[in-house]
C-alpha cells in the first residue's frame, strides 16, 4: 500500500521509520516532511494545514492510507475531508479532535463525566480572569484555550506572573485567537506521565508509559516547550495506577465523547499528574505525542499498519499488541534560544558518525540542501536509543549527541533523571 504521513516533525519521522518496517507498505510519502524524513521517504511540498492540497495529492497519487501526525490538521477536519472522498485516514474526526483543540471543552467533558482533573474555570473576559487569579491563589496554571504548539501554558508561581500571562494571551494575542478564551486552573503537585492509547471508539488499548520533559532547562527550570525529551517506561506508572487510569480516565473519556456525538478513533493522549490523591488529567491530545512517540514507537513490536487496520474495522479487541521489554529514551537537540526566538539555517555535522545500532536520529526541524542538513526549527533533532535499562538507553543517546554539532545547539543533560534517581 501507499501511505501518506502528514506532518514535519520528529513524531512524523518516527512514524515513517516504523511504517517502513511493515511488509504491507510499498511506499511512504510525507507532507511536508523534513531533511531526515527525505532520506527514507518521498517528501511532498504541501503544508500539513493545507487540507485541500493534501486531499488533491492523495486522490492523484491513489494513497491507500493517510496518517495524521500534528493536531492542527486534525482540528481543521482533515480526516473528515478524506473520508468524504472515500479515502482512508487515521485519526479522530474534527469534532472528536476538539478534545485537544479546546481546553475549555476538555474541562467540560471531564467535569460532566467525573474524570479526575484540576479545579478550573474558563474566561472570555479579562477582568473576570484576573479576579479569579486572586480567588484561586498561586501557584496556578494559565492556559490558552486553543492550539498553541505546546507553548500556550504558563505555570505561574506568583500572582504577577499569572496576571501577566492572562493579559498576554487575551489582550496582546500572544497566541492569536487561541487566547480569546483562557482556562485558569489549580496547580497540581506530583510527577507527570504521558499515556498514549489506541482506540477504535469501543476498545481502548494503552501503549507503554512515557514521561515528557516540558521545561527548557536542566532541573525542570525555564519556560515550557513542546518537549525537550522523553523516556519509556516511567517507573511511577505502576500496574495499580494503570488500572485506575483505564477505569477512571481512558474508558470514560472515550465513552463520554461518544455520548456527546464525538465518536473517537485513532490515538488519544492523556497527560497525567500522579498526585497524592491519585492520577489527574492535565490535558488531552488527539494524536501521538511529540517527543513521546519516538521512544514509544521504538518499543513497539507489532506492525503499526495491522493496529491501524484493526482500529478501522473496530476489531482492536482481537489483536495482541506486543512491546519490547527494553527501555527507550529520546533527547531533543534544539536551536539556541528555543522556545523563544532562534536562528535557522545552521549547518549540522556529525550525523553520519552516529552508529545506527546504538541510536536513531529522528529529525524534527531540519532541511536538506544539496546533500547537507541544516537547522529549520526550534526542536531540531530527537536522538533516540534503547537499552536494557533507562540508564543504559540514556548513555547511548548522549553518546550519539557527542558527535553532532551545530552553532548554538542546546539540549538538556538530565533527561530521564527521575527514572534513574
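The values are calculated or read from the model by the stated rules, or taken from the named source; none is laboratory data. Everything quoted here is computed from the prediction, not taken from an experiment. Please note: Cβ atoms are built from the backbone with ideal geometry, for glycine as well, and neighbour counts cover all protein chains shown.
Within the option set 166, 154, 142, being touching a strand residue (DSSP E or B) at 6+ places or on another chain (Cβ under 7 Å) and closer than 17 Å to residue 226 by Cβ holds for one residue only, 154.
Residues checked against (1) within 21 Å of residue 396 (Cα to Cα); (2) surrounded by 20 or more Cβ atoms within 10 Å (Cβ to Cβ); (3) in contact with a strand residue (DSSP E or B) (Cβ under 9 Å, 6 or more places away or on another chain):
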{"site": "294", "(1), (2), (3)": "yes, yes, yes"}
{"site": "299", "(1), (2), (3)": "yes, no, yes"}
{"site": "305", "(1), (2), (3)": "no, yes, yes"}
{"site": "308", "(1), (2), (3)": "no, yes, yes"}
{"site": "312", "(1), (2), (3)": "no, no, yes"}
{"site": "317", "(1), (2), (3)": "no, no, yes"}
{"site": "320", "(1), (2), (3)": "no, no, no"}
{"site": "324", "(1), (2), (3)": "yes, no, yes"}
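Within the range 386-398, identify whether any single residue is closer than 25 Å to residue 152 by Cα, touching a strand residue (DSSP E or B) at 6+ places or on another chain (Cβ under 7 Å), modelled with pLDDT of 95 or more and in a loop (DSSP other than H, G, I, E, B), and answer yes or no. Among the residues of the range 386-398, not one is closer than 25 Å to residue 152 by Cα, touching a strand residue (DSSP E or B) at 6+ places or on another chain (Cβ under 7 Å), modelled with pLDDT of 95 or more and in a loop (DSSP other than H, G, I, E, B), which makes the answer no.
Look through the range 363-385, keep the residues that are more than 18 Å from the chain's Cα centre (by Cα) and in a loop (DSSP other than H, G, I, E, B), and return whichever of them is nearest to residue 327 (Cα to Cα). Of everything passing the filter in the range 363-385, 376 is nearest to residue 327 (Cα to Cα). Residues that are within 23 Å of residue 75 (Cα to Cα) and part of a strand (DSSP E or B) occur at least once in the range 284-293.
Checking the stated criteria, residue 111 turns out to be part of a helix (DSSP H, G or I) and surrounded by fewer than 20 Cβ atoms within 10 Å (Cβ to Cβ). Quick check on the range 336-357. Is at least one of its residues out of contact with any helix residue (DSSP H, G or I) (no Cβ under 9 Å at 6 or more places or on another chain), modelled with pLDDT of 95 or more, buried (at least 20 other Cβ atoms within 10 Å of the Cβ) and within 18 Å of residue 226 (Cβ to Cβ)? Yes; the residues of the range 336-357 include at least one that is out of contact with any helix residue (DSSP H, G or I) (no Cβ under 9 Å at 6 or more places or on another chain), modelled with pLDDT of 95 or more, buried (at least 20 other Cβ atoms within 10 Å of the Cβ) and within 18 Å of residue 226 (Cβ to Cβ).
Residues that are crowded, with 24+ Cβ neighbours inside 10 Å, assigned to a helix (DSSP H, G or I) and more than 17 Å from the chain's Cα centre (by Cα) within the range 42-100 comprise 54, 58, 78, 79, 82, listed in sequence order. Taken as a whole, the condition of being part of a loop (DSSP other than H, G, I, E, B), at negative phi and buried (at least 22 other Cβ atoms within 10 Å of the Cβ) does not apply to residue 269. Does the range 229-238 contain at least one residue that is in contact (Cβ under 8 Å) with a residue 60 or more places away in the chain and more than 18 Å from the chain's Cα centre (by Cα)? Yes, that holds for at least one residue. Scanning the range 188-212 for residues that are farther than 23 Å from residue 254 by Cα and in contact with a helix residue (DSSP H, G or I) (Cβ under 9 Å, 6 or more places away or on another chain) gives a single hit, 191. The residues of the range 314-357 that are assigned to a helix (DSSP H, G or I) and more than 20 Å from residue 380 (Cβ to Cβ), listed by number, are 316, 317, 318.
Taking every residue in the range 10-26 that is farther than 16 Å from residue 39 by Cβ and pairing it with any residue that is part of a helix (DSSP H, G or I) and modelled with pLDDT of 95 or more, at least 6 positions away or on another chain, the pairs with Cβ-Cβ distances below 6 Å are 11/293; 22/305; 24/305; 25/19.
Within the range 147-157, does at least one residue satisfy the condition of being outside the structural domain of residue 287 (by TED's automatic domain parsing), closer than 30 Å to residue 233 by Cβ, without any contact (Cβ under 8 Å) to a residue 40 or more places away in the chain and crowded, with 20+ Cβ neighbours inside 10 Å? There is at least one residue in the range 147-157 that is outside the structural domain of residue 287 (by TED's automatic domain parsing), closer than 30 Å to residue 233 by Cβ, without any contact (Cβ under 8 Å) to a residue 40 or more places away in the chain and crowded, with 20+ Cβ neighbours inside 10 Å. For residue 188, all conditions in the list (1) without any contact (Cβ under 8 Å) to a residue 12 or more places away in the chain; (2) under 29 Å from residue 419 (Cβ atoms) hold save one; what is the number of the exception? For residue 188, the exception is condition (1).
Among the residues of the range 3-14, are any closer than 25 Å to residue 379 by Cβ, surrounded by fewer than 18 Cβ atoms within 10 Å (Cβ to Cβ) and not assigned by TED's automatic domain parsing to the domain that holds residue 143?
From the range 3-14, those closer than 25 Å to residue 379 by Cβ are 3-14; that's our starting set.
From the residues that got through so far, the ones that are surrounded by fewer than 18 Cβ atoms within 10 Å (Cβ to Cβ) too are none.
Scanning the range 3-14, I find no residue that is closer than 25 Å to residue 379 by Cβ, surrounded by fewer than 18 Cβ atoms within 10 Å (Cβ to Cβ) and not assigned by TED's automatic domain parsing to the domain that holds residue 143, so the answer is no.
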